[in-house]
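A short write-up of the structure that comes next.
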Ligand code: BJW
Ligand code: ZN
């Protein structure tokens, strides 16, 4: 049996599956990843200038413009066969927990419900000063250029600047989301890790936790993933090709 067949069979037997996704799951929708060698965002932009609270304090218009550029890209994009396969899998197994590091809403638009967002969302900004959610985002942002500065809106309650609702470096992940993800990883029988480089903590502990708790760990990624253990598999290829084959 091929590894694909072994994993497909294990999926059919599994009672609780965790799907853990990263930027690679949205790559085929045209959303750039962070660390891919040619197209990754961190090849073109310095995370220290854009993805920290310090950067926002220093130059809010630079940071806000960059996130509005990314939000406009997501609004134009559509879910791909990988998002759709994950939504379909949830209808086939007794229990599925979907945990994503992504800040887009493509899982939801593919029909997945109760998505656990570890790194927040591009679509849920809040006040940098008082933390109240901000409801006034333009539904149809005119797509600013990648490096275009844009003044963030002001909070209607306190006048503070509105910030993107994402988790920046050095910030805590939402406690409840992280706790739910750890709990699911600790009790699942199979974890599918899809399209993530697995270098950002604490999220990167989730697949390891599943493996340590006795689950099968399956990486779906065109880049080779270390899969040494007897219960660890790597299915090489684009998520939009591999995941539909797993369900077939
Ligand atoms: C495909 C594909 C296809 C392509 N199909 N696959 C040392 C120095 C500094 C900091 C640290 C340190 N050690 C630890 C830290 C902490 C830090 C961290 O982990 N840093 C490491 C990078 C070293 N972590 C944090 O700061 C976290 N908070 C924290 O720890 O709080 C505790 C604390 C609080 C206070 C004080 C002290 C401690 C927060 C991390 C937040 C991460 N935020 C970002 C940005 C979010 C906002 C935004 O979107 O701008 O989240 S970073 C970025 O990386 C984003 C992603 O969610 C995250 C993970 O990336 P992902 O999804 O894996 O993408 P890539 O690009 O890395 O990988 C894509 C993969 O897809 C590749 O493998 C491709 O091969 C594959 N692929 N096409 C399938 N078609
Ligand atoms: Zn406020």
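The values are calculated or read from the model by the stated rules, or taken from the named source; none is laboratory data. Because the structure is a prediction, the values reported are computed rather than measured. Cβ placement follows ideal geometry from the backbone for every residue including glycine, while neighbour counts extend to all protein chains displayed.
Working only within segment 189-244, note down all residues that are within 12 Å of ligand 1 (Cβ to nearest atom), buried (at least 16 other Cβ atoms within 10 Å of the Cβ) and in a strand (DSSP E or B).
192, 193, 194, 219, 220, 221, 234, 235
Any chance you could count how many residues in segment 114-149 are in contact with a helix residue (DSSP H, G or I) (Cβ under 6 Å, 6 or more places away or on another chain), at pLDDT 95 or above and outside any strand (DSSP E or B)?
2
Looking at 159, 111 in this structure, which one is outside the structural domain of residue 70 (by TED's automatic domain parsing), on the phi > 0 side of the Ramachandran plot and either within 16 Å of ligand 1 (Cβ to nearest atom) or part of a loop (DSSP other than H, G, I, E, B) (or both)? Reasoning before the result, please.
On the way: 159 fails: outside the structural domain of residue 70 (by TED's automatic domain parsing).
Only one candidate qualifies: 111.
So which residues in segment 154-200 are within 16 Å of ligand 2 (Cβ to nearest atom) and closer than 18 Å to residue 67 by Cβ, if there are any at all?
154, 155, 160, 161, 162, 163, 164, 165
Among the listed residues 60, 79, which satisfies the condition of being farther than 23 Å from residue 220 by Cα and either within 16 Å of ligand 2 (Cβ to nearest atom) or out of contact with any strand residue (DSSP E or B) (no Cβ under 6 Å at 6 or more places or on another chain) (or both)?
60
Kindly indicate which of 106, 50, 89 is in the same structural domain as residue 131 (by TED's automatic domain parsing) and away from ligand 2 (no atom under 16 Å from the Cβ). Lay out the reasoning, then the answer.
Details: 106 fails: in the same structural domain as residue 131 (by TED's automatic domain parsing); 89 fails: in the same structural domain as residue 131 (by TED's automatic domain parsing).
None of the other options fit; the residue is 50.
State all residues of segment 1-30 that are in a loop (DSSP other than H, G, I, E, B) and within 10 Å of ligand 1 (Cβ to nearest atom); if no residue qualifies, say none.
22, 23, 28, 29
Give the residue, chosen from 37, 53, that is within 11 Å of ligand 1 (Cβ to nearest atom) and at pLDDT below 95.
Numbers: 53 fails: at pLDDT below 95.
Selected residue: 37, the only one of 37, 53 that is within 11 Å of ligand 1 (Cβ to nearest atom) and at pLDDT below 95.
Right, residue 8: modelled with pLDDT of 95 or more and outside the structural domain of residue 92 (by TED's automatic domain parsing) or not?
On the way: modelled with pLDDT of 95 or more: yes; outside the structural domain of residue 92 (by TED's automatic domain parsing): no.
Answer is no for this residue.
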